[in-house]
1. Please pull out the direction-averaged projected area of the stretch 200-304, using the convex hull of its alpha-carbon atoms, in nm² to one decimal place.
2. Average projected area of the Cα convex hull of the chain, in nm²?
3. What 222 nm value per residue comes from the helices of the chain, counting each DSSP H run with n ≥ 4 as -39,500 (n - 2.57) and dividing by all residues, nearest 500 deg cm²/dmol?
4. As a footprinting exposure proxy, order Ser55, Ser130, Ser343 by other Cβ within 10 Å, with the fewest listed first.
5. Taking the alpha-carbon distance from Lys159 and a cut-off under 16 Å, which lysines remain once sequence neighbours fewer than 8 residues away in the same chain are dropped?
6. With both bridge residues required to lie in the chain, what share of the DSSP beta bridges run antiparallel, to the nearest 5%?
7. If you count, for each residue, the other Cβ atoms within 10 Å and average over each peptide, how do 161-174, 222-235 line up from highest to lowest?
8. Test of the criteria: in the stretch 253-356, which chymotrypsin sites (Phe, Trp or Tyr not before Pro) are in a DSSP loop and have at most 14 other Cβ atoms within 10 angstrom of their Cβ?
Amino acid sequence: MTEQEKRIVVIGAGIMGASLAYHLARKGARVTVVDAEGIASGVTGHSFAWINTSSSEPDPIAPLRSAAIEAYHQLETELPGLTVQWTGALSYGEMTSAAPSAASNPPVANRLSRAQILDLEPNLKHPPESASYAPAEGALDPMATTQALIAGAQAHGAKVLTRTPVHGLAIRHAKVIGVETAMGIIEADLVVVAAGTGITKLTDRLEMPLPIEASPALLIRYKTQPNRVRTLISSPEMEVRQTAQGALLAAEDYLDDTTENQPDAIALRTAKAIQDALHGVVAIEPEWACVGLRPMPADGIPIIGYLPKVAGVYVCAAHPGITLAAIVGRLASEEIIDGEVSSALGPCRPDRFFRD
């Protein structure tokens with residue numbers, strides 16, 4: 001059996017698992033994707049989906065961030081159903097007061113004057129005196145993107161099993177030989193675990209616990225007037241973007257589970273802030289508000305690579321998952337199929353948590 005004929009099971013059908021499945025299948029691997037629920041049913045479907053590649057502090061994954069945008073442009077040429085809104089991102093206020101570190105290797109960001117800001121976003125009622133604008137950044141429809149990646153994987157022979165919980169990994173002689181499901185064992189030469197916050201349940205059973213926390217964030221979708229927001233706006237008052245279909249999306253921090261901070265209550269407060277910030281928002285109606293649980297490694301650095309001590313397990317847990325999905329899928333497939341070890345993934349290796 002050649003490397004290209006490897007039987008690979010990818011656990012998780014979110015955007016990261018879908019990207020891994022697509023890139024692996026494209027290289028000829030025999031891929032099976034399994035998910036306990038459905039495609040993009042977890043945090044992917046509840047993501048603001050900003051391809052945000054800058055960092056205000058020294059960043060060990062700067063090479064990954066800097067390659068993320070090009071990787072998405074490449075996917076757009078390969079998958080007709082995958083499109084990104086390359087609107088650029090306009091940021092200002094306290095959250096962007098620090099200049100990006102040279103070590104973070106961010107994409108080009110321009111400093112705009114108040115007049116230039118209004119040229120970009122004429123509906124802002126209270127534009128700042130200056131703002132940072134990253135014209136290369138954008139956002140995507142996470143559900144449509146994940147479905148396009150899965151369809152691309154299937155076009156290269158991948159199988160997809162939804163509503164198929166994985167109960168554990170089958171091990172023989174310290175090597176994974178498949179995944180255990182209610183239907184029995186799905187045999188595999190390699191298992192790629194990209195199940196978000198569900199990763200810890202599987203690695204705990206291997207007695208190789210990974211410190212991944214569930215980091216909650218709130219996404220709100222509004223029905224309002226079209227063409228209110230042209231770019232992606234990130235400010236102390238709001239973080240919003242408008243979809244190609246006209247819906248307005250807002251991202252908010254999760255505060256706590258008190259009554260006043262329930263998703264519906266925050267959605268109403270955010271709606272008022274949006275109306276106060278933008279001209280022409282005559283009516284704004286929350287369609288839904290939901291909490292997504294992002295997989296957040298304890299040290300803030302993605303966990304990507306082979307698990308030590310147990311052969312045949314490749315783990316992928318990343319925040320920001322949307323930003324990194326395209327490039328991680330490409331680089332991980334090159335490692336798994338071609339044996340090309342990626343220096344960009346060097347800081348992300350799981351074995352950093354298992355050193356004495």
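Since every read-out is calculated from the coordinates, none of them should be taken as a lab result. Everything quoted here is computed from the prediction, not taken from an experiment. Reconstructed Cβ throughout: ideal geometry from the backbone, glycine too, with neighbour counts over all protein chains shown.
1. 8.8 nm²
2. Result: a mean projected hull area of 18.4 nm².
3. Values: 7 runs with 85 residues, N = 356.
Per the formula, -7500 deg cm²/dmol.
4. Ranking Ser55, Ser130, Ser343 by Cβ neighbours within 10 Å, fewest first, gives Ser343, Ser130, Ser55.
5. Partners within reach: Lys6, Lys27.
6. Roughly 75 percent of the beta bridges in the chain run antiparallel, per DSSP.
7. Highest to lowest by the protection proxy: 222-235, 161-174.
8. Phe354
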